[in-house]
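Here's the structure we're looking at; comments come further down.
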Amino acid sequence: METLPSPDKLNFLIVDDMDNMRRSIRAMLKIINFGREYYEASNGRMAWKVLEDAKAPIHFIISDYNMPQMSGTELLHRIRNTKEWRDIPFLMITAEANMEVVAEAAEHDVDAYLTKPFITASLEQKILHMIAQANKPDPVAIHLKAARKLEETGRIDEAIKEVKKALAESDRSSRPMRELGRLLLKTGDLDRALISFQKATETNRLDVVSYHYMGQIYYRMGKIDKAIEKFSKAMEISPRHSDRALKFANLLIKKNKLREGKEVLKIVLRNNSSNYDLKEDVAETCMTHGFFDMAVKCYQDIISNDPGRTYLHKKLGIAFTEQGDADEAIKILEDAIRRHEEDIEIMVALAKAYFEKRMIMRADKWAARAIRLDPENLEAKEILDKCT
């Protein structure tokens with residue numbers, strides 16, 4: 001990014017889901033005579049659209065951390081991965097700068113934080129400091145930016161040399177060591193990459209990205225217990241990394257590491273007790289791989305805390321069926337079929353549950369109904385054959 005204009009010539013993008021907060025920040029900027037144009041967005045998704053549609057370039061972003069649809073860190077992640085906008089100064093506004101917020105934002109190279117509530121003088125001081133950093137970056141930032149450009153043109157060895165220059169300038173930040181590890185990993189040098197990531201976490205115990213990379217490396221080395229340990233640490237610091245851990249669990253299970261995969265899923269659940277979207281993903285994974293007891297617990301917890309997800313009653317009934325608890329399955333599925341009269345999946349599950357109970361006539365009834373709607377349904381045909 002080119003040198004930023006003076007504060008009064010900056011075009012600001014203010015992102016917050018609270019109207020009064022956006023108005024307040026805009027009023028503060030006007031009081032200190034900062035800004036030529038002001039753009040606003042109520043969440044990260046709308047902010048992205050503003051960036052795409054703005055007639056004038058956005059010079060500076062002030063964004064809340066916690067927003068619906070797309071959070072501040074999700075927006076930051078997308079910006080940092082887009083060449084056109086990745087160098088825009090990004091000031092994150094948080095209710096509290098706790099461990100999770102700091103780790104998550106640092107992963108995507110946030111420029112600064114400001115904790116609510118704040119006064120005009122604090123905002124002024126923070127923006128002036130960020131402008132100074134952007135216009136006169138320190139040697140570490142200069143070398144890391146040079147390394148990034150070299151990497152983008154495929155010159156990995158030269159990029160590594162630039163990162164090492166950044167390391168020589170400062171050993172107080174984990175980022176240069178983390179970048180060195182990432183580049184070494186690209187060359188296939190797992191041992192040296194692992195050492196770099198370990199040193200990064202010694203410098204900054206909240207460097208969640210380095211823990212995640214170590215998990216990947218240990219997995220590739222076949223050291224599954226070590227890999228799980230590092231993924232667990234990443235999740236402990238930032239629950240957001242549970243998405244990655246869920247993929248890791250699936251990978252373990254595909255490698256027939258069922259016990260280890262199930263253990264990772266338990267860690268995901270433990271670190272995300274109130275994230276019901278993620279819990280639903282875990283339940284689906286459990287259903288796919290035969291962990292029906294965990295699936296039942298997940299679905300029960302989601303339904304109990306979020307009754308609006310009525311579609312999960314069917315899935316809970318099917319999970320009970322697969323678990324072998326026909327009584328519970330029948331109770332839930334009979335209720336579900338009254339609301340979804342032509343749902344073939346529920347019919348087949350009911351047929352299966354009734355057959356398990358040796359209630360042949362009812363099993364026959366539901367299997368036959370399923371076949372009438374789907375003549376090629378193999379599972380329903382199999383149950384029907386057993387009933388005759």
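Residues that are in contact with a Pro (Cβ under 9 Å, 6 or more places away or on another chain) and either outside the structural domain of THR82 (by TED's automatic domain parsing) or modelled with pLDDT under 95 (or both) within the stretch 12-34 comprise just one, ASP17.
Summed over the stretch 156-176, the residues that are over 16 Å from GLN198 (Cβ atoms) and among the polar types (S, T, N, Q) give a count of 1.
The conditions of being among the polar types (S, T, N, Q) and in a helix (DSSP H, G or I) are not met by THR310.
Conditions tested, residue by residue: (1) outside any loop (DSSP other than H, G, I, E, B); (2) at pLDDT below 90; (3) among the hydroxyl-bearing types (Ser, Thr, Tyr); (4) surrounded by fewer than 17 Cβ atoms within 10 Å (Cβ to Cβ).
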| residue | (1), (2), (3), (4) |
| --- | --- |
| PHE248 | yes, yes, no, no |
| ARG259 | yes, no, no, yes |
| THR321 | yes, no, yes, no |
| LEU333 | yes, no, no, no |
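Just wondering, is there one or more residues in the stretch 107-114 that are assigned by TED's automatic domain parsing to the domain that holds LYS83, assigned to a helix (DSSP H, G or I) and surrounded by fewer than 17 Cβ atoms within 10 Å (Cβ to Cβ)? Within the stretch 107-114 (the criterion being assigned by TED's automatic domain parsing to the domain that holds LYS83, assigned to a helix (DSSP H, G or I) and surrounded by fewer than 17 Cβ atoms within 10 Å (Cβ to Cβ)), the answer is no, since none of the residues qualifies.
Within the stretch 125-172, which residues are touching a His at 6+ places or on another chain (Cβ under 8 Å) and acidic (Asp, Glu)? Give the derivation first.
In the first step, residues of the stretch 125-172 are kept if they are touching a His at 6+ places or on another chain (Cβ under 8 Å); the result is 162-163, 165-166, 169.
Scanning the stretch 125-172 gives GLU162, GLU169.
Looking across the stretch 48-65, the residues that are farther than 19 Å from PRO5 by Cβ and either in contact (Cβ under 8 Å) with a residue 40 or more places away in the chain or crowded, with 21+ Cβ neighbours inside 10 Å (or both) come down to SER63, ASP64, TYR65. Identify, from the list ALA159, ALA193, ALA200, ALA227, the residue that is touching a residue at least 12 places away in the same chain (Cβ under 8 Å), within 30 Å of GLY290 (Cα to Cα) and either among the small types (Gly, Ala, Ser) or not in a helix (DSSP H, G or I) (or both). None of the other options fit; the residue is ALA227. Every test in (1) at pLDDT below 95; (2) farther than 21 Å from ASP87 by Cα; (3) out of contact with any Phe, Trp or Tyr (no Cβ under 7 Å at 6 or more places or on another chain) is passed by THR201 save one, and that test is (3). Considering each residue of the stretch 267-297, count those that are assigned to a helix (DSSP H, G or I), more than 16 Å from ALA329 (Cα to Cα) and either in contact with a strand residue (DSSP E or B) (Cβ under 7 Å, 6 or more places away or on another chain) or of a type in the set (Gly, Ala, Ser) (or both), and give that number. Qualifying residue count, the stretch 267-297: 1. When GLY181, GLY215, GLY188, GLY154 are screened for being modelled with pLDDT of 90 or more and farther than 25 Å from HIS77 by Cα, only GLY188 passes.
Residues are listed down the side, and each one gets a yes or a no for (1) out of contact with any strand residue (DSSP E or B) (no Cβ under 9 Å at 6 or more places or on another chain); (2) outside any loop (DSSP other than H, G, I, E, B); (3) surrounded by fewer than 19 Cβ atoms within 10 Å (Cβ to Cβ); (4) not aliphatic (A, V, I, L, M):
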{"site": "MET21", "(1), (2), (3), (4)": "no, yes, yes, no"}
{"site": "ILE25", "(1), (2), (3), (4)": "no, yes, no, no"}
{"site": "LYS30", "(1), (2), (3), (4)": "no, yes, yes, yes"}
{"site": "GLU40", "(1), (2), (3), (4)": "no, yes, yes, yes"}
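The values are calculated or read from the model by the stated rules, or taken from the named source; none is laboratory data. From a predicted model like this one, the values you see are computed outputs, not experimental measurements. In this analysis, Cβ positions are derived from the backbone assuming ideal geometry, glycine residues included, and neighbour counts consider all displayed protein chains.
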